[in-house]
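The values are calculated or read from the model by the stated rules, or taken from the named source; none is laboratory data. Worth saying up front: this structure is predicted, and the values here are computed from it rather than measured. Using ideal geometry, Cβ is built from the backbone for each residue, glycine included, and neighbour counts are taken over all protein chains shown.
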Amino acid sequence: MIGHDHGGPAGYGQPGASTGSTYVPPPAPSPFPQPAPQPSAKPRTSLAVALEQSRYRLMVTAAVVTTVFTAISVKLAMATLLAGGGEPRQHVALEVGDTTTNRADITDRNGNLLATSLVTQSLYADPKLVSRPEEAAQKLVGALPDLDYKDVLGKLSGDRRFVWLKRNLTPKQQAAVHRLGIPGVAFEREERRFYPAGPLTSHIVGFTGIDNNGLAGMEQGFNKRLTEEPGTPLQLSIDLRLQHVLKKELAATVQEFSAIGAAGIVFDVRNGEVLSMVSLPDFDPQDPTGLNPDTLFNRATLGVYEMGSTFKIFNSALAFDTGKIRVSDMFDAAHPVKIGRFTINDYHNLHRALTVAEVFQHSSNLGSVRMVQQVGVAAQKAFMTKMGFTKPTGLELPESGWPLVPNPWREVNSYTISFGHGISVSPMHTVAAAASVINGGLFHKPTLLKRQPDGEVPTEQVVSRQTSDMMRRMFRFVVTEGTGKSAEVKGYVVGGKTGTADKQKGKHYQKNSRMSSFLGAFPMNDPRYIVYVLVDEPQATAKTYGYATGGWVAAPAVGRIVKQIGPLLNVPVVDENTPEILNSTYLNAAGSTNWQQSLPPVTAPPPAKGSTVASFPTQTKPR
Amino acid sequence: MKGKTWLFWGGLIAAAGGVLFQTSYDVQDLEEKLAGLNRKIILEQESIQVLKAEWSYLNDPTKLEQMAQAYLTLQPTEPRQYLAMDMIPMRPADAVPPPAQALPGKALPGAPLPPMVRAPGTGNSQLAAARVPAAPNNNAAAGIVPVSAQVGLAKPLPMEKALERAPVVVPASLPSGAALADPSRANRIKPAALVPGSARAPTEKSAAPVAPAAAGKLAPNAPTARPTELASRPIPAPAPAPKVAAAAPAAQQPYQPKPTDSLGLLVARLGANR
């Protein structure tokens with residue numbers, strides 16, 4: 001345009017190039033007349049070159065500017081429109097239910113805390129900032145008496161920039177240190193797992209390591225759930241009060257009979273909840289490694305034992321359920337059973353034939369063997385599988401033992417299993433299976449989590465209702481007239497079955513180390529709870545006349561437990577001798593359930609109690 | 001014109017800028033406040049968690065049992081002490097005899113205690129005696145002094161508890177049995193004025209043979225203002241004066257639940273008076 005204004009030759013300037021700010025000088029008057037094509041050719045060449053050059057430069061500049069500005073615009077748009085309004089930080093009020101910790105609480109069924117995470121402050125120091133280490137150390141030891149003065153002084157006068165002085169202070173200690181106002185000493189927020197119930201629930205709740213990862217019990221089994229939902233506590237089916245009663249009575253029993261351990265379970269037969277579970281000896285979850293590692297062993301779920309006569313529950317249920325045997329059928333219990341090299345005998349041989357009720361009442365091994373002879377090996381194996389004795393219980397604890405099941409399952413195995421030897425299961429197996437035998441035949445998988453009141457309970461019908469009804473009477477019969485008399489509690493209609501098993505050490509059964517147990521249930525007219533007590537290696541005392549069998553050791557403990565937990569569980573007290581109760585619980589030795597006849601027992605009165613040991617002659621090797 | 005437009009827009013921009021500036025600072029303030037509140041909430045939550053843990057720790061049944069054994073005289077409960085609600089019979093009208101109104105000097109010192117009452121320690125009478133002078137009117141309280149004078153009144157303990165709870169509420173000028181029977185006092189209330197004749201007639205009839213002194217003057221069951229109101233308090237001064245007179249001899253012999261007395265039988269069966 002400028003070129004045009006100055007009236008330059010129209011052919012020199014190109015309209016496209018003149019858009020820039022190029023100055024095209026007017027051609028100087030030449031002193032020499034030059035040929036017409038030359039002046040036009042020569043300036044045209046130089047000018048064209050210059051114009052070309054500047055044109056390219058301009059284009060490059062424009063391109064760069066465009067690129068940069070486009071990039072800026074895009075970034076601007078992204079920052080403002082796409083990045084959530086570009087607020088640097090958003091402040092949100094905390095939710096009420098929020099928790100500040102990273103691991104959920106564990107509570108019992110009533111909401112009492114069993115495990116919780118507490119925020120604690122740990123004390124550390126930067127020695128560079130501590131001006132007078134002696135004074136600071138003296139003050140710190142004054143506030144925290146468990147610190148060692150020399151140790152603290154050494155730490156405070158060192159060269160490092162960071163030393164821990166004490167981890168996990170209590171709030172009181174923190175306040176005390178805070179009040180000292182020592183420069184260079186500060187607190188660091190940490191979390192610590194805390195178990196208010198202490199050893200009472202140690203085998204159930206378990207414990208965590210230093211980094212708050214579950215290492216045992218529910219802490220391990222539900223590690224993921226506890227860390228993923230820190231806000232909602234994990235509610236167990238355990239009742240702390242029952243736990244206390246159970247532990248107290250077990251501890252008393254262990255002490256009285258100088259036993260090496262014990263296990264106890266309180267079980268809700270209606271929905272499979274484990275209301276209480278104790279294994280002695282137990283440990284302090286705050287310091288699980290400080291004691292004997294044996295204390296970490298959970299006898300109630302991890303330990304598998306030969307249950308002894310308690311298994312006659314399942315033998316009888318099997319016999320009734322096949323329909324081949326009725327309660328009044330007679331079985332020979334006078335002559336020992338010989339199979340192969342083995343001879344099976346009774347602890348107290350009554351030298352006569354017994355009804356099924358009497359076999360159960362006197363806990364006769366011979367009668368049990370005769371019963372299973374009639375039922376058959378295959379039926380027994382199928383039944384025991386149905387009862388869950390061939391796999392772990394499915395309890396949520398990582399400490400769940402695998403049962404020891406004979407393989408192959410031969411005739412001799414079926415004989416010994418009929419009275420509880422030759423198969424090893426955990427107490428939890430026994431309790432869950434016994435619950436299904438008396439609750440109407442419904443097997444519930446045992447659980448440690450509280451069931452929702454309206455939730456569906458997974459069930460499986462394993463025995464018929466009639467079998468279950470008869471088993472209730474048999475349970476009751478053992479307590480009224482059998483080996484479990486000392487478990488009786490007036491008003492609670494207790495029933496049960498004693499069990500005594502000789503322990504196997506190596507290849508031999510020991511004569512004087514046994515597992516004495518009692519599986520009690522109440523109220524037998526409408527069973528609601530099972531109380532199971534197992535005592536490991538009880539020693540007979542003078543008070544028990546030299547017996548250390550289930551009827552003498554475990555049954556009284558179950559009686560005492562039922563007496564205390566009955567009111568806590570809201571079980572109504574009834575009169576055992578009213579017709580309604582007798583109608584559903586009565587059984588006599590002849591196998592009659594008609595209480596109105598009140599027949600005199602067809603046999604001689606039962607012998608002294610405690611005669612429940614299922615024993616082999618010592619010279620035999622049962623396996 | 002052009003300048004004015006510029007001025008207008010310039011002013012608008014400046015105003016908007018000022019408002020934005022102010023708002024931004026307000027928001028910053030609020031954010032700081034919120035952050036402070038959140039910190040406080042976290043602190044409170046942490047202390048609540050600590051308190052919860054401590055509560056659970058202190059509620060450990062093992063500890064509680066040890067402490068109960070050490071400091072309380074309570075025993076573990078037994079099944080026989082529990083009863084379903086529907087097993088408790090309804091209270092019959094005359095099941096529980098009215099508390100014996102012992103006139104001063106009339107009741108025996110050794111009169112046995114009714115059920116549900118623990119044997120009073122020796123300190124009880126002293127306590128009561130110490131408390132009675134605190135009542136505003138000693139003379140008027142003479143009617144209830146037998147409690148402190150250890151005349152073996154039917155219910156010393158509830159009385160003491162009532163005094164303990166609300167010593168002021170218990171009127172010193174309580175109309176005792178004697179006071180109720182006092183014609184001059186009874187004269188003040190005119191049953192005829194308060195009770196319609198139809199309602200009054202039967203009570204008068206029933207009361208007449210038992211307590212002639214009070215008959216005609218006082219309708220015991222009448223909804224009178226003061227005497228009944230006072231007597232309905234847990235004080236051994238029941239409203240119906242005739243009944244009081246009738247029950248006075250009953251207090252002199254050991255309390256035996258009658259066959260009709262289902263509640264009393266129940267209490268005896270539960271062994272609460274042992």
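Taking the stretch A:236-258 as the range and being away from chain B (no Cβ under 14 Å) and within 15 Å of the chain's Cα centre (by Cα) as the test, only A:S237 passes.
When A:T295, A:T253, A:T289 are checked against the criterion of being of a type in the set (S, T, N, Q), farther than 30 Å from A:Q461 by Cβ and touching a Pro at 6+ places or on another chain (Cβ under 6 Å), A:T295 stands alone in meeting it. Given the criteria part of a loop (DSSP other than H, G, I, E, B), farther than 10 Å from A:P446 by Cβ and touching a helix residue (DSSP H, G or I) at 6+ places or on another chain (Cβ under 6 Å), does A:G401 qualify? No, not satisfied.
Of all residues in the stretch A:290-309, which are of a type in the set (G, A, S) and outside the structural domain of A:F419 (by TED's automatic domain parsing)?
Result: A:G290, single match.
Of the residues in the stretch A:377-388, at least one is in a loop (DSSP other than H, G, I, E, B), within 30 Å of A:K224 (Cβ to Cβ) and in contact (Cβ under 8 Å) with a residue 12 or more places away in the chain.
Yes or no: the stretch B:47-59 includes at least one residue that is farther than 26 Å from A:L114 by Cα, among the basic types (K, R) and either touching a residue at least 60 places away in the same chain (Cβ under 8 Å) or within 13 Å of chain A (Cβ to nearest Cβ) (or both). So that I can check it myself, show each step before the final result.
The first filter runs over the stretch B:47-59 and keeps only residues farther than 26 Å from A:L114 by Cα, leaving none.
No; the residues of the stretch B:47-59 include none that is farther than 26 Å from A:L114 by Cα, among the basic types (K, R) and either touching a residue at least 60 places away in the same chain (Cβ under 8 Å) or within 13 Å of chain A (Cβ to nearest Cβ) (or both).
For the stretch A:186-206, the tally of residues that are among the aliphatic types (A, V, I, L, M) and either at the interface with chain B (Cβ under 9 Å from one of its Cβ atoms) or over 16 Å from A:D287 (Cα atoms) (or both) stands at 3. Looking for something in a loop (DSSP other than H, G, I, E, B) and either under 24 Å from A:L242 (Cβ atoms) or touching a strand residue (DSSP E or B) at 6+ places or on another chain (Cβ under 7 Å) (or both) - is there at least one such residue anywhere in the stretch A:513-521? Looking for residues that are in a loop (DSSP other than H, G, I, E, B) and either under 24 Å from A:L242 (Cβ atoms) or touching a strand residue (DSSP E or B) at 6+ places or on another chain (Cβ under 7 Å) (or both), one finds none in the stretch A:513-521, hence no.
To keep it simple, each residue is scored yes or no on (1) more than 24 Å from B:Q49 (Cα to Cα); (2) under 19 Å from the mean Cα position of the chain (by Cα); (3) not in a strand (DSSP E or B).
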residue: A:R189; (1), (2), (3): no, no, no
residue: A:E219; (1), (2), (3): no, yes, yes
residue: A:T227; (1), (2), (3): no, yes, yes
residue: A:P230; (1), (2), (3): no, yes, yes
residue: A:I265; (1), (2), (3): yes, yes, no
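A:A317 meets the conditions (1) surrounded by 20 or more Cβ atoms within 10 Å (Cβ to Cβ); (2) part of a helix (DSSP H, G or I); (3) out of contact with any helix residue (DSSP H, G or I) (no Cβ under 6 Å at 6 or more places or on another chain); (4) not aromatic (F, W, Y) in every case but one. The failed one is (3). Quickly run through the stretch A:98-132 and pick out the residues that are facing another protein chain (nearest Cβ under 10 Å), small (G, A, S) and exposed (fewer than 15 other Cβ atoms within 10 Å of the Cβ). Residue satisfying the conditions is A:G111 alone.
Collect the residues in the stretch A:143-175 that are within 14 Å of another protein chain (Cβ to nearest Cβ) and either more than 35 Å from the chain's Cα centre (by Cα) or among the β-branched types (V, I, T) (or both), keeping them in residue-number order. Full working, then the answer.
Going residue by residue through the stretch A:143-175, those that are within 14 Å of another protein chain (Cβ to nearest Cβ) are A:168-175.
Matches in the stretch A:143-175: A:T170, A:A175.
Return yes or no: is A:V478 over 14 Å from A:G272 (Cα atoms) and either more than 32 Å from the chain's Cα centre (by Cα) or not assigned by TED's automatic domain parsing to the domain that holds A:K312 (or both)? For A:V478, the condition - over 14 Å from A:G272 (Cα atoms) and either more than 32 Å from the chain's Cα centre (by Cα) or not assigned by TED's automatic domain parsing to the domain that holds A:K312 (or both) - is met. Please identify the pairs in which a residue from the stretch B:8-32 that is within 12 Å of chain A (Cβ to nearest Cβ) has its Cβ atom under 6 Å from the Cβ atom of a residue that is surrounded by 10 or more Cβ atoms within 10 Å (Cβ to Cβ), counting only partners at least 6 apart or on another chain. Close Cβ pairs (under 6 Å, with a partner that is surrounded by 10 or more Cβ atoms within 10 Å (Cβ to Cβ)) amount to B:E31/A:H91.
Does A:L140 satisfy the criteria of being more than 14 Å from chain B (Cβ to nearest Cβ) and either in a loop (DSSP other than H, G, I, E, B) or at pLDDT below 75 (or both)? Against the criterion (more than 14 Å from chain B (Cβ to nearest Cβ) and either in a loop (DSSP other than H, G, I, E, B) or at pLDDT below 75 (or both)), A:L140 does not qualify. Residues in the stretch A:488-525 that are away from chain B (no Cβ under 14 Å) and under 14 Å from A:P572 (Cβ atoms) were compared, and the one that is surrounded by the most Cβ atoms within 10 Å (Cβ to Cβ) is A:M524.
Considering only the stretch B:4-43, state which residues are of a type in the set (D, E) and surrounded by 11 or more Cβ atoms within 10 Å (Cβ to Cβ). Give the steps one after another, and end with the answer.
Let us first name the residues in the stretch B:4-43 that are of a type in the set (D, E), namely B:26, B:29, B:31-32.
B:E31, B:E32, listed by residue number.
Of the conditions (1) at pLDDT below 85; (2) surrounded by fewer than 24 Cβ atoms within 10 Å (Cβ to Cβ), A:I344 clears all except one; give me its number. A:I344 satisfies all of (1) at pLDDT below 85; (2) surrounded by fewer than 24 Cβ atoms within 10 Å (Cβ to Cβ) except (2). Within the stretch A:573-593, residues that are within 14 Å of chain B (Cβ to nearest Cβ) reach partners that are assigned to a loop (DSSP other than H, G, I, E, B) and hydrophobic (A, V, I, L, M, F, W, C) with beta carbons closer than 8 Å, at six or more positions or on different chains, in the pairs A:V573/B:L83; A:V573/B:A84; A:V574/A:V493; A:E576/A:V493. Evaluated against (1) out of contact with any helix residue (DSSP H, G or I) (no Cβ under 9 Å at 6 or more places or on another chain); (2) not in a helix (DSSP H, G or I), B:T77 falls short on exactly one condition, (1).
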